Amino acid sequence: MKSVRSLALADHLWELYGRMAEEMGSEREALVNQALYVYARLHGYSVSGEAAAARPAAPPPESGPERAVAEQVLETAARLEREVLAGEVPPPIPSSPVAPGARQLVLVRDDGSETVVRADRFLIGRGRHCDLVVDSSKVSREHAAIVREGGSLVLQDLGSTNGTFCNGTRVPRQELADGDKISIGSSTILRFTLQDNIDEHFQKKLFESALRDGLTHTFNRRYFLDRLNGEMRFAIRHSKPMALLFIDIDHFKKINDSYGHQAGDAVLTGVARVMMTTIRAEDVLARYGGEEFAIICREIELPGAEALARRLCGAISAAQYEHNGQVIPVTVSIGAAVDRSIEEPQGLIAAADAAMYEAKKTGRNRVCVHTPKG
């Protein structure tokens, strides 16, 4: 039986893949499959066949919502490892190179996420091995494929149960044109579009700018509020703790007045850099507004949140901030809140914000914590 620590790590990684997929506009299962494929290839080539074949598979969790997922992941990993050792796993299909200015296929899902089609045969279906995984019972395991034929891209139905549709018409095979709409299952709609790599770069920059603060490169307030709502729902649903920290740079107006607004910008970016190197990879750091930042910390109780806040306070005050040869002293006031009785984002924001202002009132360069009622 796997240890509690191992199971917690597995659950933690599963959630991280979900966050990564959300930010990349991809599918969690597709990212997991890629990781498993690479893992199996590396381990298959690095050990002898006899030793690897004798390695027992790790048992899945006995209970919990991740059991089915864990079984699929472990089954896929074991199968891939066996196939690699037997030499049955083919190398990845090489992508057709995209020259500067050349056009490439992009599939845009109905939720706005994009997938660039680089392989010469791009598989769409419910199966976890597909290039684009559509998690729906209405979609066949291998539902359809997009195939490069000379200079054309052709949509092919692969004998699916519910059919493949192009612009509303069921088709066994259809050459695609820019703007075509591909429907599979009952609700999944893909829009076929052609972009050159300049367009792709622009789209990535546009997507990035929608999530990030332009100065500090932390997440912006809009993303923070959306993420906080999702994290609180997750915490409530799974009976997990969640901490929120609010950080305010002390005497920031005085910094701007004394050293200039460019110096203030340098302080903001410097403080953000210190925080990004201090928090965990899974924590969410955002610029809430002006000189205020916020950090969402999943699965941290109040003592852990307070400890993190004190580390941040110390690291920020110990760092050196320079502008035009002048060293600028910087400190912060931090409020921390963990309160399972609060079920709405604005309530938790108010609690962390009040704790932060208490830190400012009682002398600054310190941490105050919200005390839950009862």
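Relative to the present Cα-Cα distance, how much length would full extension add between V116 and S317 at 0.36 nm per residue of separation?
On the way: separation 201, 0.36 × 201 = 72.36 nm, distance 4.44 nm.
Computed gain between V116 and S317 is 67.9 nm.
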Accessible area, 1.4 Å probe, largest first: how do V327, V274 sort?
V327, V274
Mind scanning K240/K361; K138/K240; K138/K181; K254/K361 and naming the pairs with a C-alpha gap bigger than 28 Å?
K240/K361; K138/K240
Under a point spin-label approximation (7 Å from Cα along Cα-to-Cβ), what is the R280-R212 distance to one decimal in nm?
2.4 nm
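Run the accessible area of the range 281-367 with a 1.4 Å probe and give the carbon-and-sulfur part as a rounded percent. Please report the intermediate quantities before stating the final value.
Details: 1820 of 3880 Å².
Here carbon and sulfur together make up 47 percent of the probe-accessible area.
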Note down the accessible area of L123, probe 1.4 Å, to the nearest 10 Å².
20 Å²
As an exercise, use a Förster radius of 22 Å and the Cβ-Cβ distance of E344 and R310 to find the FRET efficiency, rounded to the nearest 0.05.
0.20
Report D for the range 217-326 in µm² per second (integer): Stokes-Einstein, Kirkwood Rh on Cα pairs, 37 °C, 0.692 mPa s.
221 µm²/s
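The values are calculated or read from the model by the stated rules, or taken from the named source; none is laboratory data. These figures come from a predicted structure and were not determined experimentally. Here the Cβ is made from the backbone with ideal geometry for all residues, glycine too, and neighbour counts use every protein chain on show. Side chains included, ligands, DNA and RNA excluded: accessible areas come from the protein's heavy atoms. Shrake-Rupley method; radii C 1.70, N 1.55, O 1.52, S 1.80 Å.
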